[in-house]
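The values are calculated or read from the model by the stated rules, or taken from the named source; none is laboratory data. Please read these numbers as outputs of a predicted model, since none were measured by experiment. In this analysis, Cβ positions are derived from the backbone assuming ideal geometry, glycine residues included, and neighbour counts consider all displayed protein chains. Only protein heavy atoms, including side chains, enter the accessible area calculation; ligands, DNA and RNA are left aside. Shrake-Rupley method; radii C 1.70, N 1.55, O 1.52, S 1.80 Å.
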Protein chains: 2
Amino acid sequence: MITEKDISFLQQAVDLAIDGLKHGKGGPFGCIIVKNEKIIGKGSNSVISNTDPTAHAEIVAIRDACKHLGTYQLDGCVLYSSCEPCPMCLGAIYWARPERVCYAATRFTAADAGFDDEFIYKEIDLNQDKRKIPFEFYHEERFLAPFLLWKQQDEKKLY
Amino acid sequence: MITEKDISFLQQAVDLAIDGLKHGKGGPFGCIIVKNEKIIGKGSNSVISNTDPTAHAEIVAIRDACKHLGTYQLDGCVLYSSCEPCPMCLGAIYWARPERVCYAATRFTAADAGFDDEFIYKEIDLNQDKRKIPFEFYHEERFLAPFLLWKQQDEKKLY
């Protein structure tokens with residue numbers, strides 16, 4: 001259920017998208033993260049200004065919020081994005097584990113503006129050799145060494 | 001086609017995974033990025049040491065390579081990962097656009113070690129209200145403002 005407060009926070013994410021665009025940071029995307037009705041992280045897409053393809057609004061906001069909280073988990077937080085998260089950002093959200101996500105435009109609107117979000121969603125389900133960027137799996141027993149070492153550790157910090 | 005050189009680079013990604021684990025950086029994952037047979041970026045999973053849920057090996061390596069090259073695109077590069085990229089890292093790879101990806105263990109091996117990669121792949125295809133983290137779409141006309149501004153720009157830098 002979207003509330004009046006949610007809508008106000010969505011507007012703030014949209015404002016960040018506009019602000020980032022006006023300052024030449026990157027694409028037209030903004031994100032804020034809220035805990036107990038207080039903004040604890042925010043970001044505009046900064047791919048161009050940071051020369052960093054991972055600097056989407058959600059990633060920037062998640063890193064900002066985690067820095068603020070001193071943790072790698074966003075328990076009890078809500079993430080507001082000006083647009084539906086791409087697969088990279090969806091993955092980042094799942095690793096950060098906020099309570100819920102609200103967004104104000106879809107991947108199809110992003111596609112219409114020239115962005116690859118919807119294209120990448122489609123690529124995920126293809127056989128790896130059919131993808132535009134081929135993914136190749138090669139295995140030898142010795143390549144399991146990191147997992148064996150991990151399993152032997154007494155105190156594992158899962159994330 | 002996996003070559004002897006690919007296998008050697010995969011071993012180096014695996015070595016980074018072990019090294020990161022031994023230094024308490026995070027999970028058992030490593031990644032290197034190669035251009036013209038030279039390593040131009042590398043990373044170990046650093047979620048714990050950086051308190052950053054986005055600091056997977058591939059993301060760290062992509063950011064490192066882009067810093068090295070001074071660009072947000074990895075044309076002509078090969079990404080070697082000790083394990084199959086999760087959806088976040090797959091997305092990051094598509095935005096960075098290397099030539100190909102090679103990896104040395106699967107998402108199922110990661111799942112067996114307690115990691116969510118395979119779980120997140122499954123969540124993507126669910127209806128948004130069925131996901132463990134609910135995604136909610138709410139739209140008003142005014143929320144399209146960033147895209148309208150984007151379309152009006154003469155010089156768009158796509159990424």
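Within a Cβ distance under 14 Å of B:F108, other residues only, what is the Lys/Arg minus Asp/Glu net charge?
Details: positive: B:R107, B:K122; negative: B:E84, B:D112, B:D116, B:D117, B:E118.
That works out to -3.
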Mean ellipticity per residue at 222 nm, deg cm²/dmol - from DSSP H runs of n ≥ 4 across chain A, formula -39500 (n - 2.57): -12000 deg cm²/dmol
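What net charge do the residues around A:Q11 carry, taking every other residue with its C-beta under 14 Å from that of A:Q11, with Lys and Arg at +1 and Asp and Glu at -1?
Taking every other residue near A:Q11 into account, the sum is -3.
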On Cα atoms only, tilt of B:87-96 relative to the major axis of chain B in degrees: 80
Using alpha carbons only: equivalent-ellipsoid semi-axes of the protein assembly as shown, gyration tensor based, whole Å: 32, 22, 17
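Within a Cβ distance under 15 Å of A:L126, other residues only, what is the Lys/Arg minus Asp/Glu net charge? Show your work: numbers first, answer last.
On the way: positive: A:K122, A:K130, A:R131, A:K132, B:R100; negative: A:D116, A:E118, A:E123, A:D125, A:D129, A:E136, B:E84, B:D125.
Summing Lys and Arg as +1 and Asp and Glu as -1 gives -3.
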Three principal axis lengths of segment A:10-126 [C-alpha, angstrom, descending]: 35, 35, 25
Spatial separation of Cα centroids for segment A:59-92 and segment B:145-159, in angstrom: 24
Rounded accessible area per residue of segment B:30-112, 1.4 Å, Å²: 30
Choice from A:F135, A:F119, A:F108 with maximal GNM fluctuation in chain A (Cα, 10 Å cutoff): A:F135
Simple Cβ-charge dipole of chain B, Lys/Arg +1 and Asp/Glu -1, about Cα centre, in debye nearest 20: 340
DSSP-defined beta bridges in chain B - what % are antiparallel, rounded to 5: 75
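Could you tell me which of rounded, prolate or oblate describes segment A:1-73, using a ≥ b ≥ c as the square roots of the eigenvalues of the alpha-carbon gyration tensor, with rounded for a/c under 1.5 and, failing that, prolate when a/b is larger than b/c and oblate otherwise?
Working: a/c = 2.65, a/b = 1.26, b/c = 2.10.
Oblate.
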Lysine pair count for chain A [Cα-Cα under 29 Å; pairs on different chains or 8 or more apart]: 29
Ascending list, in nanometres, of distances separating the A:D154 label from those of the other copies (7 Å, Cα toward Cβ): 6.8
Position A:D19, label points 7 Å along Cα→Cβ, spacing to each other copy in nm (shortest first, one decimal): 3.9
Order by protection proxy (mean Cβ within 10 Å, highest first), peptides A:19-25, A:77-83: A:77-83, A:19-25
Semi-axis lengths (Å, descending) of the ellipsoid that matches the C-alpha gyration tensor of segment B:90-154: 33, 22, 7
Relative intensity, log₁₀ I(q)/I(0), of segment A:63-114 from a Debye sum that treats every alpha carbon as a point, q = 0.24 Å⁻¹: -0.92
Whole-percent carbon and sulfur share, accessible surface of chain B, 1.4 Å: 50
Label 7 Å beyond Cα on the Cβ vector: B:K67 copy-to-copy distances, nm: 1.3
